[in-house]
Structure formats: C-alpha cells, structure tokens
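The values are calculated or read from the model by the stated rules, or taken from the named source; none is laboratory data. Computed from a predicted structure; not experimentally measured. Glycine gets a Cβ as well: all are built from the backbone with ideal geometry, and neighbour counts include every protein chain shown. Only protein heavy atoms, including side chains, enter the accessible area calculation; ligands, DNA and RNA are left aside. Shrake-Rupley method; radii C 1.70, N 1.55, O 1.52, S 1.80 Å.
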Amino acid sequence: MGRATAERRRSLPEGVEVREGSRGSSIRISFIWNGERRKESLKIEATASNIKYASRYRSEVLNAIERGTFDYARFFPKSSEARKSGTPKRQTFQAAWDAYIDGAKKLAILSPSSILSMKKWAKARVLPKWGDYKLNEISTPDLRDWIISLNESLSSKSIKSCVGIVSNILSQAATDQLIPNNPLDPIKLRTVIARKQKPTEDEADPFNDEEVKALLTACKSTEYRSLIQFAFSTSLRIGELIALKWEHIDESRGMIQVRDNAVDSEEGLVEKGTKTNRVREVPLLPAARDAIASMKPITRLLAIGGYIFINPNTRRRWSGERTLIDHWRKVVTASGIRYRNPYQTRHTFASKLLLSGEPELLVAKLLGHTTVEMVRRHYGRYIKSADGLKLAGEYDEFGRIDETPRQRPKLA
C-alpha cells in the first residue's frame, strides 16, 4: 500500500471506507442497524468528490434510522440485507406525528408554548381524523374535504393551525421519500377557508370608552380591576401582564420595560422573552399609573417574586392564560356588554392612539411590532395622521371609571 493511499485512508470521514481491488477502488459506508454493524458498498470510484458524497449519504442513512423512517431497500436496493428486510411497513400519520414532536423537543426547534398548542390541536382535530391513516393513503381530495368541514366550527386562524400540523408531517414524509410529494401542496387555502363575518382574535374590534368603564365597574376586586385597567392603557399581552414585575417599572422616566412573557407549556407556566425577543418600552399613561398604585400596597407585602398582578382568589401570581381568561369572561358577562376576547384590549389601545394622531411607527413599537405593516392592516381605519414623535393626545381619563380629574399618586 502506497503512502498516498495510507494518507487518504487516515483522512477519510467517519464510517467511510475505500476498498482497493483488481478492478479499481470503491467506497463502502458502515452504520448500526438493529443493533448490528452493517457495511454497504456504494459501487462508485473512490474520488475526493465521491468520498464527500458517501459521507453525506451515510448521514442521510443515520438520520433516517434516528427518525424511525429508514427503508433498507430504498437506500440499498441491491443489498442482500434489503431482500431479507422485505417490504417495509407503511408508517401511519400518528407514528410520524410522534416522531416529529420528539424531534422538535430534542432539537428545541419549537418553543414549549408552540408544542403545547400544536398538541392540543392535534388531539382535538388532526389525529382523530388522520392518526390511523398510512401516509401514502392521504389524498389531496380528502384533505380538501376535511379543511372545508372545519369551517363549520373553527375560525380561519384555528383552521390554519390544524392544516399547518398536517403540512409539517407530510412535508417531512416527502423529504424522507416516504411519499412522493406533499398532497397538501396543490390546495390553495384561500379557496377552501370561508371568510368569517365574525371578527377573530387578530381582527380589531375595540371597546369604546363607555364599554371600558362598564368593564372596570363590573370588576369585584381591586386586583382584577387594576389588571384590566393596566391592559387597556398599555397594550401588554396576557402573558406579559402575568410576567410583569415591579423592577420593570421605571418611575423616574415614566416607562414600563416589557421584558418577559409567561406562556403555558406541558410542564406548566414558564417565562421567556417577549414574542419578538426584544425588550420594548411603553409609556405609563395616567390609568396605568393608577392601576399599579392600587396594586402597590397589595403585592409588595406578599412574597410572590415581585409580580405586580395577582389572582384575587389565590393571592398568588396568575397560573396561566386560561385562568385569567375565565375571570375576563365573568367580568364581561357582568358588565352586560357584547363579548370580545381580552386581546381586544391591545386593539383598543392602538385604535385610541391612532385616532388621536399618534404616528403609525410609534404605535407599532408600543405594540411590539417590528414594522408598521401589522398596524396598517389591523387599524387602517383608525389612522388619523402620521406626524409627531411623542404622544400627541390627552389620556388623563382614558381607562378610568370616573370622569373627574384627580392628582396622580406617586410610586415610592
């Protein structure tokens, strides 16, 4: 064996071998399959480019084995081992879903809240329909009929969540060559999802001043009234309200630093960064000052980790969005006004500022958006002007119950 050959063998990628024979050189790759080491020849000349190709091919084999989608006959059709393996069993959608979620957890490619949300929709709508199907049995017409049937009970956003789960699984199956292509690809969602007349969570349906006062009046506790008042006058999301701490209030500058967001996960409530992973600042409007001033003598005496808003029943931090939304429903019912979800507090804040002439970019920044496109799409009819760099409106009575101006309390 010459020096050049020896040097080449020492520099080969892991699991790649070069075999010398009377008819020239060839390449063989090795891997573990069913607890045993297997070696398969690729029947290609041992050139530098082919060696790189062999290494990549071996990585595909290892990835398929890890995912449980390895088909010996597909990767090595002329192998004697492939003939022993026989025709592989077709994978079910349920098995593919389980592998997808396990991979997402191991690689941390999805947030805990995203995994929880996907699992809820999968359990409720996706797996009851497709779980027992073999991947190659799912057809484009069947998928179209299923999506159309979801219009009867789900919003457009919820339908897209369900379809997104199916698309992820089928796209991965197509990539792994378990199916020839994703049968969802030919379907244009705009042709199968009905246009809803009722506003969804993402559509602006703000409360007017009288409705805001009715909501605040219907609150039976200082803790919840303060939270709702703060929500209307700051635009914070539910998770951001739950995670807000006293250390996030900059009294000297009159600013709120929105740093954390509390989200539900399989392990319970967890805190992470904001939705955009950026800290943003929101001015302390008079109603927001009043709200935290009301909470100061309550929460600063409790050992609850510095959180500002607490559940009035447990006297502890809110345990999650669902509990807070249950309180919201009761208050809206007691107020006698038309029900809208708590996300509309953000829409109310944004529309109020835009009608007062605040710049689109400023409102976008306060809401936590990186561009003005979301503002224009949701609040186009509320945009009055686009000039000015500071809050142009007067907000002394915005988000308050009584209409008599009073001295603002100072935070210690």
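Projecting the Cα positions of Ser351, Thr276, Ala82 onto the charge dipole of the chain (unit charges on Cβ atoms of Lys, Arg, Asp and Glu, taken about the Cα centre) puts Ala82 furthest along the positive direction. What the phi angles of segment 111-117 give under the Karplus curve with 6.51, -1.76 and 1.60, with θ = phi - 60°, is a coupling list of 6, x, 5, 5, 4, 4, 4 Hz, glycine and proline written as x.
Note on segment 284-365: with charges restricted to the Cβ of Lys and Arg (+1) and Asp and Glu (-1), its dipole about the Cα centre is near 300 debye. Between Leu154, Ala214, Asn136, the Cα set farthest toward the positive side of the dipole of segment 117-219 (charges on each charged residue's Cβ, about the Cα centre) is that of Asn136. Size descriptors for segment 96-185 (Cα atoms only): Rg and Dmax, in that order, 12.9, 36 Å. Charges were assigned to the Cβ only: +1 to each Lys and Arg, -1 to each Asp and Glu. The resulting dipole of the chain about its Cα centre is roughly 1080 debye.
Averaged across orientations, what area in nm² does the convex hull of the alpha carbons in segment 242-323 project?
6.0 nm²
Would you work out if segment 147-194 is rounded, prolate or oblate? Take a ≥ b ≥ c from the square roots of the eigenvalues of the alpha-carbon gyration tensor; rounded if a/c is under 1.5, else prolate when a/b is larger than b/c, oblate otherwise.
prolate
Sum up the charges of everything whose Cβ sits under 15 Å from the Cβ of Phe31, counting Lys and Arg as +1 and Asp and Glu as -1, but leave Phe31 out. It would help to have the intermediate numbers written out before the result.
Details: positive: Arg28, Arg37, Arg38, Lys39, Arg56, Arg58, Arg67, Arg74; negative: Glu14, Glu17, Glu36, Glu40, Glu60, Glu66, Asp71, Glu81.
So the environment of Phe31 carries a net charge of 0.
Can you sort Arg56, Arg346, Arg259 by solvent-accessible area, 1.4 Å probe, largest first?
Values: Arg56 140, Arg346 5, Arg259 100 Å².
If we order Arg56, Arg346, Arg259 from most to least accessible, we get Arg56, Arg259, Arg346.
For segment 233-377, what does the alpha-carbon gyration tensor say about shape, rounded, prolate or oblate, given a ≥ b ≥ c as the root eigenvalues, a/c under 1.5 as rounded, and a/b over b/c as prolate? Rounded shape, in that the Cα axes give a/c under 1.5. Taking +1 at the Cβ of each Lys and Arg and -1 at the Cβ of each Asp and Glu, which of Ile310, Phe31, Gly239 sits farthest along the dipole of the chain towards its positive end, judged by Cα position relative to the Cα centre? Result: Phe31, furthest along the dipole toward the positive end. Solvent exposure of Glu60, expressed as accessible area, is near 100 Å², computed with a probe of 1.4 Å over the protein chains only. Sites listed here are chymotrypsin sites (Phe, Trp or Tyr not before Pro) in segment 274-370 whose DSSP assignment is loop and whose Cβ has at most 12 other Cβ atoms within 10 Å: Tyr339.
Please label the shape of segment 172-247 as rounded, prolate or oblate, based on the square roots a ≥ b ≥ c of the eigenvalues of the alpha-carbon gyration tensor (a/c under 1.5 means rounded; beyond that, a/b larger than b/c means prolate, else oblate). Don't skip to the answer; put the middle values down first.
Details: a/c = 4.95, a/b = 2.15, b/c = 2.30.
Because a/c hits 1.5 or more and a/b fails to exceed b/c, segment 172-247 counts as oblate.
Within the assembled protein chains, the solvent-accessible surface assigned to Arg74 is about 80 Å², based on a 1.4 Å probe.
So if the hydrodynamic radius of segment 27-141 is defined as the Kirkwood radius over C-alpha pairs, what does Stokes-Einstein give as its diffusion coefficient at 10 °C and 1.306 mPa s, in µm² per second? Walk me through the intermediate numbers first.
Details: Rh = 16.7 Å.
So the translational diffusion coefficient is about 95 µm²/s.
Short to long, the 10 Å bins of the Cα pair-distance histogram for the chain hold 4, 17, 21, 18, 14, 11, 8, 5, 1, 0, 0 percent of all pairs.
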